[in-house]
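Shown next, in structure tokens, is the structure this report addresses.
The values are calculated or read from the model by the stated rules, or taken from the named source; none is laboratory data. Owing to the predicted nature of the structure, the values given are computational and were not obtained by experimental measurement. Positions of Cβ are backbone-derived with ideal geometry, glycine not excepted, and every protein chain shown enters the neighbour counts. Areas reflect the complete protein model, heavy atoms only, side chains present, ligands, DNA and RNA absent. Shrake-Rupley method; radii C 1.70, N 1.55, O 1.52, S 1.80 Å.
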Amino acid sequence: MNDDQELCLCFHVSRRKVMQYIRVNRPKYASQLSECYGAGTGCGWCRPFLRRLMEQSCSLEETEIPNADDYASQREEYRKKQRGEPRQDD
Ligand code: FES
């Protein structure tokens, strides 16, 4: 995923916006990233990735996020699971 692609698909928040928010505001908790255009406050799919970006900001490790197409399709599977719908491979 490049920095301009959406990390939070519900609220169209790019990875760049989240990284900028972390750099400028230095939040203590991942939940504070909701103040960045509502990131993470929709379906919840992006929360683990937001958490990893927070952790990454405290270390030198790079956060591995799938490319945009895989990220969106994995989120769709996540949303189906939330709604109790059968998955593609079921
Ligand atoms: S993708 Fe971020 S809350 Fe749904």
Rounded to the nearest 10, the angle in degrees between the Cα long axis of helix 47-57 and the longest principal axis of the Cα atoms of the chain comes to 30 degrees
Between the Cα axis of helix 68-83 and the main Cα principal axis of the chain, the angle (0 to 90°, nearest 10) is 60 degrees
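Could you look at the chain and say what percent of its accessible area is carbon and sulfur, using a 1.4 Å probe and all protein chains? Mind showing how you got there, number by number?
Details: 2740 of 6020 Å².
Carbon and sulfur atoms account for 46 percent of the accessible area of the chain.
Extension gain ASP4-TYR78, at 0.36 nm per residue separation less the Cα-Cα distance, in nm? The partial results should precede the final answer.
Details: separation 74, 0.36 × 74 = 26.64 nm, distance 2.24 nm.
Between ASP4 and TYR78, full extension yields an extra 24.4 nm.
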By the C-alpha gyration tensor axes a ≥ b ≥ c (rounded if a/c is under 1.5, else prolate when a/b exceeds b/c, else oblate), the shape of the chain is prolate
Note to self: with every protein chain in place and a 1.4 Å probe, region 6-83 gives an accessible area per residue in Å² of 63 Å²
Computed over the chain, the relative contact order (Cα-Cα under 8 Å, seq sep at least six) in percent reads 25 percent
Rounded to the nearest 10, the angle in degrees between the Cα long axis of helix 15-25 and the longest principal axis of the Cα atoms of the chain comes to 40 degrees
What helix-only [θ] at 222 nm does the chain give? Using -39500 (n - 2.57) per DSSP H run of at least 4, over all residues, to the nearest 500, the answer is -13500 deg cm²/dmol
Residue-ordered couplings for region 31-46, obtained by feeding phi - 60° into the Karplus form 6.51 cos²θ - 1.76 cosθ + 1.60 and rounding to whole Hz (Gly and Pro as x), are 4, 5, 5, 4, 6, 8, 6, x, 3, x, 9, x, 6, x, 3, 7
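For the ranges 23-32, 5-14, what's the packing order if you count other beta-carbon atoms within 10 Å of each residue, average per peptide, and put the highest first? Kindly include the intermediate steps, with their values, before the conclusion.
On the way: 23-32: 12.3, 5-14: 19.2.
Ranking, from highest mean packing down: 5-14, 23-32.
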Amide H neighbours of VAL13 at under 5 Å, excluding residues fewer than 5 places away on the same chain, with H built from the backbone geometry, are LEU7, CYS8
